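What follows is one structure encoded as structure tokens, with my remarks underneath.
The values are calculated or read from the model by the stated rules, or taken from the named source; none is laboratory data. If you're wondering where the values come from, they're calculated on a predicted model, not measured in any experiment. All Cβ positions, glycine included, derive from the backbone under ideal geometry; neighbour counts span all protein chains shown. The accessibility values were calculated without ligands, DNA or RNA, using every heavy atom of the protein model including side chains. Shrake-Rupley method; radii C 1.70, N 1.55, O 1.52, S 1.80 Å.
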Amino acid sequence: MALINKIREKSGWAVGFIAIGLGVFVVGGDLLAPNSRLMGGSDTTIGEVAGEDIDYTEFDQVFQQIKANYENQSGRSATETELAMIREQAWNNLVFKIALQKEYDRLGIEVTEEELFDMVQGENIHPSVRQAFTNPQTGEFDRSQIVQYLQNLDQMDPQARPMWTNFEQGLVEDRVQSKYMNMLTKSVYITAAEAKNYHSSQNATASIKALFVPYGSIPDSAVQVSDAQLKDYFERHKDAYKVEEGRSIEFVTIPVSASAEDSTYYQQEFSTLKEQFAAADNDSAFVNMNSDASFDGSYQPVSELPEQLRSSLPLEEGKVYGPYTSNGTVGLFKVIDAKEGESSVARASHILIKPDADTPEAKAAALAKAKDVLAQIQNGADFAMMAAQHGTDGTAAVGGDLGWFGEGRMVPAFEKAIFGASSTGLLPNPVETEFGYHIIKITAPKTNQTYKLAAVQRAVEASETTRGLAYGVADELSGTSGNLSGFRENVEKNGTLVKEEAANIGKNNVMVNNLQNARELVRWAYAKDRSVGDVSPVFEINDTYVVAALTGKREKGYAKIEDIKDELTAAVRNELKAKQIAEKLKGGNGTLEAIASSYGPAATVRTADDVTFAGGSITGLGFEPVAVGKAFGLKPGARTAPFEGQNGVLMVELVQVNKAPETEDFTEVKQQLVNMRTGRNQSNAYEAIKEKADVKDNRVKFF
């Protein structure tokens, strides 16, 4: 059994689909139990891949194994968000396992019994087997150990043999996948000409001049776009508008947060607790009985105390401080003990005046400015305002406040000045460091005092009355809104509710806008009998009540023109503007500067050096791959006709080309291209196989 556990720990999802095999091998029959939510229903099909149904139980086996692996590694239970990610991984594993197996069968890729023996006991041991049966004393693989293990399988637990069989199947799947990947890799060949061209595209540079007229120079109102033009553009660029299934909703949120009455209740309760806490003999027991957080008992430096406690320094032993409310939590703090710690902490603010240059003159000017600012503060100017006005580091935005810090955190001269001060207040002279001159105000002088506290803290939660009032608002909205129109009218009539929109939510989304863990809302939107205009029941999501109305359905395929009309209109409008601008530019003569001057102030000429073909960008104009490609196709001194670019119309003139450094050895370049193309081929193959498999995803019916 120890070896079984070792295999479970070592093999994992290292390569291929071994984790799927291990799903049964490690956990065994426990994963085969039916899911209670589903056994009463007639349809347990969670999806279909290449004509093959995936049953919920099959999916759950893979999901539970990945979940167990994740929780073993993280040492905690998975959150709802993490569970959604694990479900996605389990689904993708199954999709590719089934779809790829169809491809393997078509190509005749298989693993023979001889190969399997070689992977387990022969000369070419599989990495997962090698890891599981490596002798911990010698660090060497021990073949005799696995032989002994296999010989004793019949004497082990009855589950041992089927588990091992499943594990071996995982090894087979991994080897089959490796063969397929190797086949794709071997299909990649890079010629010398390709390597040379790639080397040139990466290293050759061009100096160019570009005349640019932005589309925005023509007002949108001056260009009319017809429905026929929209349709024509859509048909020409149809592949750019492929979409997945989506649902659109409008929704309102009613947060369940503590009311003023709830806060008052907590304050009153804690006032009573304060008296009991002060009289308690066993502080740790009192904390554990009355606080959300258990008793700590460690000594805390001043820098780690709650801000309200620091305002009462020095603290008295035996005294109870509070109640204090901060970030939705109310707390009482009893000082059990106080002692000096090993290191000191202090708090200060500063204003850094940096020299403009590393010269005596610049330093003298910075020092003079620092002295002037210091004098103004000494004469009554507000330190924080002067920091915001004159500070030159990140603390200027917070009035120069550095917060609490310990010794060893700052540069020596700065630290010496602060930890050498014995009282609060402004230091009389600027302090010089390698960063410049610092005007320093001691907020709290150094202290090495630490305190042992007993803290009773509770989150201020909404009462049932408050929760009921919030639910009442949501329930009334849901119950009185018969359709989308009624929903909108009721939201407007309420006056305090804010309506949000979420467009084209994917069927497996976990979030809806900023709403996390919103799966039930998504499932509602995707219900089989759901119609546009339907209003939802009340959902409780993260202490928030949510009511939604379905505003649209989008099916997988191509977007509808009416759904993307604004996007299409902008694209067509730019095309029409480009024709107008190009036609006007064609009439210009002379240099690019002359043509730009003749066109008008909207036309500018930019010069860019070190432009590379592979980069596709022009300094000052951004990503303009067509312009770069056209430039490298010119001879020095030649220029293009006006053409449509990303953000406007361009004319490009090639000034000079600096050829790539000469090289005779393109071995590294070829290998780089092989790696790039291999990765692309594998990715493209997976996507093609997945598309051909005609995947039907019905997970939304189950979770």
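If you scan segment 83-100, which residues turn out to be over 26 Å from Gln516 (Cβ atoms) and of a type in the set (Lys, Arg)? Matches in segment 83-100: Lys97 only.
Selection of segment 612-636 for residues being on the phi > 0 side of the Ramachandran plot and in contact with a strand residue (DSSP E or B) (Cβ under 7 Å, 6 or more places away or on another chain) yields Gly616, Gly620. For first residues located in segment 133-155 and closer than 14 Å to Gly122 by Cβ, partners that are assigned to a helix (DSSP H, G or I) and among the polar types (S, T, N, Q) and lie 6+ apart or on another chain with Cβ distances below 7 Å form the pairs Phe133/Gln145. Residue pairs, Cβ under 9 Å, 6 or more apart or interchain, first in segment 176-205 and in contact (Cβ under 8 Å) with a residue 40 or more places away in the chain, second acidic (Asp, Glu). List them. As it stands, the answer is Val176/Glu110; Lys179/Glu110; Tyr180/Glu103; Thr205/Asp609; Thr205/Asp610, since those pairs meet every condition given. Residues in segment 497-554 that are among the polar types (S, T, N, Q), open to solvent by 40 Å² or more (accessible area, probe 1.4 Å) and under 23 Å from Thr480 (Cβ atoms): Ser531, Thr551. Out of Thr591, Thr667, Thr663, one residue alone is in contact (Cβ under 8 Å) with a residue 40 or more places away in the chain, of a type in the set (Ser, Thr, Tyr) and either open to solvent by 40 Å² or more (accessible area, probe 1.4 Å) or closer than 17 Å to Gly216 by Cα (or both). It is Thr663. In a residue-by-residue description of segment 444-455, the property of being touching a Ser or Thr at 6+ places or on another chain (Cβ under 7 Å), open to solvent by less than 30 Å² (accessible area, probe 1.4 Å) and farther than 30 Å from Ser294 by Cα applies to at least one position. Restricting attention to segment 354-389, the residues being outside any loop (DSSP other than H, G, I, E, B) and either within 24 Å of Trp404 (Cβ to Cβ) or of a type in the set (S, T, N, Q) (or both) number 11.
Considering Glu250, Glu261, Glu194, Glu245, the condition of being modelled with pLDDT under 95, under 30 Å from Asn509 (Cβ atoms) and either open to solvent by 40 Å² or more (accessible area, probe 1.4 Å) or of a type in the set (Asp, Glu) (or both) is satisfied by Glu245 alone.
Regarding segment 430-449, can at least one residue be identified that is over 25 Å from Pro360 (Cβ atoms) and free of Cβ contacts under 8 Å to residues at least 40 places away in the same chain?
First, pick out the residues of segment 430-449 that are over 25 Å from Pro360 (Cβ atoms): 441-449.
So of that shortlist, the ones also free of Cβ contacts under 8 Å to residues at least 40 places away in the same chain come out as none.
No; the residues of segment 430-449 include none that is over 25 Å from Pro360 (Cβ atoms) and free of Cβ contacts under 8 Å to residues at least 40 places away in the same chain.
Quick grid of which residues meet (1) open to solvent by 50 Å² or more (accessible area, probe 1.4 Å); (2) in contact (Cβ under 8 Å) with a residue 12 or more places away in the chain; (3) farther than 19 Å from Leu273 by Cα; (4) not in a strand (DSSP E or B):
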{"position": "Ser294", "(1), (2), (3), (4)": "yes, no, no, yes"}
{"position": "Gln300", "(1), (2), (3), (4)": "no, yes, yes, no"}
{"position": "Ser303", "(1), (2), (3), (4)": "no, yes, yes, yes"}
{"position": "Glu317", "(1), (2), (3), (4)": "yes, yes, no, yes"}
{"position": "Gly322", "(1), (2), (3), (4)": "no, yes, no, no"}
{"position": "Val330", "(1), (2), (3), (4)": "no, yes, no, no"}
{"position": "Phe333", "(1), (2), (3), (4)": "no, yes, no, no"}
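Screening Gly408 with (1) of a type outside the set (A, V, I, L, M, F, W, C); (2) assigned to a loop (DSSP other than H, G, I, E, B); (3) closer than 11 Å to His350 by Cβ gives one miss only, at (3).
Which of the residues spanning segment 418-466 are of a type in the set (A, V, I, L, M, F, W, C) and not in a strand (DSSP E or B)? Walk me through it before giving the result.
Our first condition is that a residue be of a type in the set (A, V, I, L, M, F, W, C); within segment 418-466, this holds for 418-419, 421, 426-427, 431, 435, 439-440, 442, 444, 453-456, 459-460, 462.
Those that are of a type in the set (A, V, I, L, M, F, W, C) and not in a strand (DSSP E or B): Ile418, Phe419, Ala421, Leu427, Phe435, Val460, Ala462.
Cβ separations smaller than 7 Å between residues 6+ apart or across chains give the following pairs from segment 516-534 residues that are without any contact (Cβ under 8 Å) to a residue 60 or more places away in the chain to residues that are part of a loop (DSSP other than H, G, I, E, B) and open to solvent by 50 Å² or more (accessible area, probe 1.4 Å): Ala518/Met511; Gly533/Asn483.
Residue count for segment 216-262, restricted to those that are closer than 18 Å to Leu469 by Cβ and in contact with a strand residue (DSSP E or B) (Cβ under 7 Å, 6 or more places away or on another chain): 5.
Counting only residues that are under 17 Å from Asn327 (Cα atoms) and not in a helix (DSSP H, G or I), which one in segment 236-268 is nearest to the chain's Cα centre (by Cα)? Per the stated criteria, the residue is Pro255. Taken as a whole, segment 358-377 holds no residue that is open to solvent by less than 40 Å² (accessible area, probe 1.4 Å) and closer than 30 Å to Ala459 by Cβ. Applying the condition of being of a type in the set (Gly, Ala, Ser) and surrounded by fewer than 16 Cβ atoms within 10 Å (Cβ to Cβ) to segment 378-410 and asking which residue is nearest to His438 (Cα to Cα) yields Gly394. Lys209 satisfies every condition listed in (1) open to solvent by 20 Å² or more (accessible area, probe 1.4 Å); (2) touching a residue at least 60 places away in the same chain (Cβ under 8 Å); (3) under 25 Å from Asn681 (Cα atoms) except (3). Could you tell me whether any residue of segment 275-282 is touching a residue at least 40 places away in the same chain (Cβ under 8 Å), closer than 17 Å to Ile336 by Cα and loosely packed, with under 14 Cβ neighbours inside 10 Å? Checking segment 275-282: at least one residue is touching a residue at least 40 places away in the same chain (Cβ under 8 Å), closer than 17 Å to Ile336 by Cα and loosely packed, with under 14 Cβ neighbours inside 10 Å.
Assessment of segment 462-479 against the conditions (crowded, with 20+ Cβ neighbours inside 10 Å and in contact with a Lys or Arg (Cβ under 9 Å, 6 or more places away or on another chain)) yields no matching residue.
Name the residues in segment 495-523 that are under 14 Å from Glu250 (Cβ atoms) and of a type outside the set (Gly, Ala, Ser), would you? Break it down stepwise before answering.
At the first step, the residues of segment 495-523 found to be under 14 Å from Glu250 (Cβ atoms) are 497-505, 512-513, 515, 521.
Answer for segment 495-523, where residues must be under 14 Å from Glu250 (Cβ atoms) and of a type outside the set (Gly, Ala, Ser): Leu497, Val498, Lys499, Glu500, Glu501, Asn504, Ile505, Val512, Asn513, Leu515, Leu521.
Checked against the criterion of being surrounded by fewer than 16 Cβ atoms within 10 Å (Cβ to Cβ) and farther than 20 Å from Ala206 by Cβ, the candidates Val674, Val695 yield just one match: Val674.
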